[in-house]
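S.K.: Sharing a structure below in structure tokens format, with a few things to ask.
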Amino acid sequence: MKDILELIIKNLVTDTDAVSIKEVSGEKSIVLEVKVADADMGKVIGKQGRIAKAIREIVRAVAAKEQKKVTVEFID
């Protein structure tokens, strides 16, 4: 899941070196914390959060195949 998320994010941003994804595992779920450069944050979130919603849906679909619960958070 982390690999797929990283691939999607790196294709959206200009500064690929600034992309970092931290995986925090809980008892029943996994939280993926995404950090990008300040200039690229708008590209990742999109207008009215549409791109962020699409990214979350893709990751949830992959997680559902593995019967896991995943949350994607975008951190400044």
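S.K.: Which of Lys22, Lys43, Lys65 moves most in a GNM of the chain, Cα contacts under 10 Å?
M.R.: It is Lys65.
S.K.: Which ordering of Leu32, Leu7, Leu12 is given by a fewest-first count of other beta-carbon atoms within 10 Å?
M.R.: With the sparsest Cβ surroundings first, the list reads Leu7, Leu12, Leu32.
S.K.: Restricting the count to DSSP beta bridges whose residues both fall in the chain, what percent are antiparallel, rounded to a multiple of 5?
M.R.: Counting DSSP beta bridges with both partners in the chain, the antiparallel share is about 45 percent.
S.K.: Moving to a separate point now. Roughly how tilted is helix 2-12, in degrees to the nearest 10 and between 0 and 90, from the longest Cα axis of the chain?
M.R.: With both axes taken from Cα atoms, the answer is about 20 degrees.
S.K.: Return the single residue from Glu27, Glu57, Glu66 with maximal mean-square fluctuation; model: Gaussian network over the chain, springs between Cα atoms under 10 Å.
M.R.: The residue that fluctuates most here is Glu27.
S.K.: In the set [x] 14, 25, 13, 11, 13, 18, 6, 0; [y] 19, 56, 22, 2; [z] 19, 53, 26, 1, which value of P(r) over Cα pairs in 10 Å bins from 0, in percent was calculated from the structure you see?
M.R.: Matching the structure shown: [y].
S.K.: Counting other C-beta atoms within 10 Å, which of Met1, Met41 has the fewest, and how do the rest follow?
M.R.: Least crowded to most crowded, the residues run Met41, Met1.
S.K.: Right, here's the next one. What percent do you get for the relative contact order of the chain when only Cα pairs under 8 Å and 6+ apart count?
M.R.: 34 percent
No lab work stands behind these numbers, since they all come straight from the coordinates. In this text the structure is predicted, and so the values were computed from the model without any measurement. Neighbour counts run over all protein chains shown; Cβ positions are idealised from the backbone, glycine included.
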